[in-house]
Every structure is written in structure tokens, then in C-alpha cells.
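Engineer: This is the structure I want to talk about, given as C-alpha cells.
The values are calculated or read from the model by the stated rules, or taken from the named source; none is laboratory data. Remember, predicted model here, so these are calculated numbers, not experimental data. With ideal geometry, Cβ positions are generated from the backbone for all residues, glycine too; neighbour counts draw on all protein chains shown. In case anyone asks, the SASA skips ligands and DNA or RNA and just uses the protein heavy atoms, side chains included. Shrake-Rupley method; radii C 1.70, N 1.55, O 1.52, S 1.80 Å.
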Amino acid sequence: MRWRTVWFAILLLIDVSSIKLPQADARIVVGVSTVNVAFLPIYLTQDKGFFKDEGLDVLVVMFNAGATNLQAVIGGDVQIMAGGVPETVLARASGVDVKNFWAISNLMPFQIYGSRSMKTLKEGKGKKFAISRFGSLSEFLTRSALRHSGVDPKDVTMLQIGATPARFTTLASGIVDATILWFPVTERAKAVGMTKLFDLKELYPNWTNVGFVAREAWLAKEKEQAVKFLRAYQRGVKHTRENRDDGIRALRKYVGLDATEAAAGYDEYRDSFPLDGRILDAGITATVEQEIETGRLKGKVSLNEMIDYSFIISMGKK
């Protein structure tokens, strides 16, 4: 992987996301929470001109964490967030009118890797764990895995490091003892002898990893735009699933994977991209339960509060 090139691209995109983005009548700014295989259909939908075919001006910007992306949605700089579905729970509970309205990838891809000295996550007490940001999906999953392994999250130190490549670097350099990773960085962790401490598939086999999120007010006001966006995106998903070579090329272009990694990534994720947009609710339910337990959430948040099912119902079977 061309680390310098990819990091430079990410930094440029983060700089763009930190300023007020230009608005236009038909422009939709889509914030992507990180550069990863899970967002492959977005890259191809843009590359193939499917958004333009619907008369849309779509600008895709990258962020270094889902929490930062969500703040941009709340602030109005981003209209649609492509990111972790569970990350929206606390925002919704605090009164922000964000809703999940379409699934991008139904797959639990995350694994926790540790230094060579760690053999199991049960040894996590007193250790340092890298996450992206507090309130992010990486924090939630790290806490879930620790609890499942009998370790109280209060007994570890969590450091806000940023996106997956940065977390991997801190682990490799010994700054932290463990972190949560996903493909393709998991392959590199194995290659350098790091220890796989926990596979989150064991805890959450039925999981919507990432989806599209928007403010309820925007979805109501710009319903026609949202429908056009999803119609174009459905074409992108269909193309992604049916054109392996295009998918591999897009992963090499946008994610910076080499040919072998891109092929492996496409094969692992291809079936996770739903044509019907169906959101699996296990992640939301688990997040609500855990946030109540931690005290950050004072009461239940229902699935109907979290998900706008109207687009899935009207467009999911098309």
C-alpha cells in the first residue's frame, strides 16, 4: 500500500471537511467516515456517473472518524453521512434529528489485535487501547468486547487516535497495547506477528456495519433528492456486485490496496452490500443497552426513532 499517498489524500480531505463546504441547489455532500472497503459501492457509483445520471451534484469527502463526520451532519456541512449506524444512538437520544435510512454494508468486519505480549483480551486490565474518538463505533465495540471477555472498560485506558491506519501505527510502535482494526489492516497486523485477541463476529454475527444517515428535516424537505440519490446508489451496488474487476480497480484507486489485497477485500465484502438497503437492528439495540449501562444514555431509544424505514419500504424491492 502506498502509505504516503493515502495519508496525504486523507489529510487533504480532512482539511476540506473542516471548513464550510459550498452549497448548491442540487449538491449533496456525502461524508464518509473513513477510507475503507465497506464504502466500495459509493466509490463506484461516483466513478460510473450514476449520481450525475440522476441530475445530482454529489461531493464525497472523507473524515478521520465517524464522530467527526456526524458533527458535520449536525452542523449542516454534510447532508448524508456514510458511517457506523450505532454511532447515531447518542445523538438521537440527545435530541438531534438524525436517522439511519439505508444500509451500506451488512457485515461485522472488526477484530481486536494486541501486541505480541498479549495472548487474550482477558489480559486487558490496565492496558492502553486505541480508538478513533469517544462516542464512536470503535469505542462501542471495544467496550463490548472487553465486557464479553470479563474486563471492565473502566479498568483500561482508551486513547483517541483516529482512523484505522493511525491506530495500527500506534500499536506497531508500542504506544498502545491493543486496538480495533478492520480489513485490510488486519492482514498487516497478522503479517507482523500481532495477536488477534477477539473477533467481533462472535459477538455480533448479524450487524449493519455502515449505512447512510441524515437529519430527519433534510430527508423530509429533500425527499426527491434522497430518492434520486438512492436510485443512483442502487445502480452502483448492482454494478459493484456484478463487476469484480471494476471493484478491484476502485479499491486500488480509493483505498490504496495492492492487487492481492483489493481482490481479497472485494471477495470478502461483495455479498455484504444489500440491494434492498435493509438495516439489521442488532447493532442499534446493543448500543442502546450498553449506553444505558454506562450512564451516557438515560432511557430507551426505539428502533423507529433511529431508523426511517420509508425508503427501504418504497425502494428496497426495486
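Engineer: Would you check which residues across the range 171-192 are in contact with a Lys or Arg (Cβ under 6 Å, 6 or more places away or on another chain) and not hydrophobic (A, V, I, L, M, F, W, C) and list them?
Structural biologist: Across the range 171-192, the qualifying residues are Asp177, Thr179.
Engineer: Limited to the range 272-308, what total is found for residues that are part of a loop (DSSP other than H, G, I, E, B), out of contact with any Leu (no Cβ under 8 Å at 6 or more places or on another chain) and at pLDDT 80 or above?
Structural biologist: Just the residues of the range 272-308 that are part of a loop (DSSP other than H, G, I, E, B), to begin with: 273-281, 295-302, 308.
Of the ones still in play, those that are also out of contact with any Leu (no Cβ under 8 Å at 6 or more places or on another chain) are 274-276, 278-280, 295, 298-302.
Adding the requirement that they be at pLDDT 80 or above leaves 274-276, 278-280, 300-302.
The qualifying residues number 9.
Engineer: Go over the candidates Tyr233, Tyr269, Tyr254 one by one and state the one that is in a helix (DSSP H, G or I) and open to solvent by 10 Å² or more (accessible area, probe 1.4 Å).
Structural biologist: Working: Tyr233 fails: open to solvent by 10 Å² or more (accessible area, probe 1.4 Å); Tyr269 fails: open to solvent by 10 Å² or more (accessible area, probe 1.4 Å).
Exactly one residue qualifies, and that residue is Tyr254.
Engineer: Sticking with this one: In the list Phe50, Phe39, which residue meets the criterion of being of a type in the set (Phe, Trp, Tyr), open to solvent by 10 Å² or more (accessible area, probe 1.4 Å) and at pLDDT 90 or above?
Structural biologist: Values: Phe39 fails: open to solvent by 10 Å² or more (accessible area, probe 1.4 Å).
Among Phe50, Phe39, only Phe50 is of a type in the set (Phe, Trp, Tyr), open to solvent by 10 Å² or more (accessible area, probe 1.4 Å) and at pLDDT 90 or above.
Engineer: Let me ask another. For the range 77-173, list the strands (runs of 3 or more DSSP E) that sit wholly inside it and hold at least 2 residues that are modelled with pLDDT of 90 or more and open to solvent by 20 Å² or more (accessible area, probe 1.4 Å); which are they?
Structural biologist: Working: elements: 80-84, 98-105, 111-114, 128-131, 157-160.
The strands (runs of 3 or more DSSP E) meeting that bar are 157-160.
Engineer: Considering (1) farther than 30 Å from Glu123 by Cβ; (2) assigned to a strand (DSSP E or B), say which one Lys238 fails and leave the rest.
Structural biologist: (2)
Engineer: Follow-up question, since we're still on this one. Being without any contact (Cβ under 8 Å) to a residue 40 or more places away in the chain and not small (Gly, Ala, Ser) is true for just one of Glu123, Glu87. Which residue is that? Quick ask: steps written out before the conclusion?
Structural biologist: Working: Glu87 fails: without any contact (Cβ under 8 Å) to a residue 40 or more places away in the chain.
Just a single option satisfies the conditions, and that option is Glu123.
Engineer: So Lys238 ticks every box in (1) among the basic types (Lys, Arg); (2) touching a strand residue (DSSP E or B) at 6+ places or on another chain (Cβ under 8 Å); (3) closer than 28 Å to Val185 by Cα but one. Which box is left unticked?
Structural biologist: Lys238 satisfies all of (1) among the basic types (Lys, Arg); (2) touching a strand residue (DSSP E or B) at 6+ places or on another chain (Cβ under 8 Å); (3) closer than 28 Å to Val185 by Cα except (2).
Engineer: Specify which of the listed residues (Gly135, Gly193) is of a type in the set (Gly, Ala, Ser), closer than 25 Å to Thr285 by Cβ and out of contact with any strand residue (DSSP E or B) (no Cβ under 8 Å at 6 or more places or on another chain).
Structural biologist: Values: Gly193 fails: closer than 25 Å to Thr285 by Cβ.
Answer to the selection: Gly135.
Engineer: Please go through the range 174-202 and give me each residue that is part of a loop (DSSP other than H, G, I, E, B), at pLDDT 90 or above and either within 19 Å of the chain's Cα centre (by Cα) or surrounded by fewer than 18 Cβ atoms within 10 Å (Cβ to Cβ) (or both), ordered by number. Steps first, answer last, please.
Structural biologist: First pass over the range 174-202, keeping only residues part of a loop (DSSP other than H, G, I, E, B): 174-177, 182-184, 192-194.
With at pLDDT 90 or above added as a condition, the list becomes 174-177, 192-194.
Gly174, Ile175, Val192, Gly193, listed by residue number.
Engineer: Taking the range 204-221 as the region of interest, how many residues are buried (at least 18 other Cβ atoms within 10 Å of the Cβ) and assigned to a loop (DSSP other than H, G, I, E, B)? Spell out how you get there, then give the answer.
Structural biologist: At the first step, the residues of the range 204-221 found to be buried (at least 18 other Cβ atoms within 10 Å of the Cβ) are 204, 207-215, 218-219.
Subset that is assigned to a loop (DSSP other than H, G, I, E, B): 204, 207-209.
Residues in the range 204-221 being buried (at least 18 other Cβ atoms within 10 Å of the Cβ) and assigned to a loop (DSSP other than H, G, I, E, B): 4 in total.
Engineer: Sticking with this one: Scanning for something open to solvent by less than 40 Å² (accessible area, probe 1.4 Å) and over 15 Å from Thr45 (Cβ atoms), does the range 241-251 turn up at least one residue?
Structural biologist: yes
Engineer: Among the residues of the range 189-214, write down those that are closer than 14 Å to Gln111 by Cα and either touching a Phe, Trp or Tyr at 6+ places or on another chain (Cβ under 7 Å) or of a type in the set (Gly, Ala, Ser) (or both).
Structural biologist: Answer for the range 189-214, where residues must be closer than 14 Å to Gln111 by Cα and either touching a Phe, Trp or Tyr at 6+ places or on another chain (Cβ under 7 Å) or of a type in the set (Gly, Ala, Ser) (or both): Ala189, Met194, Thr195, Lys196, Leu197, Leu200.
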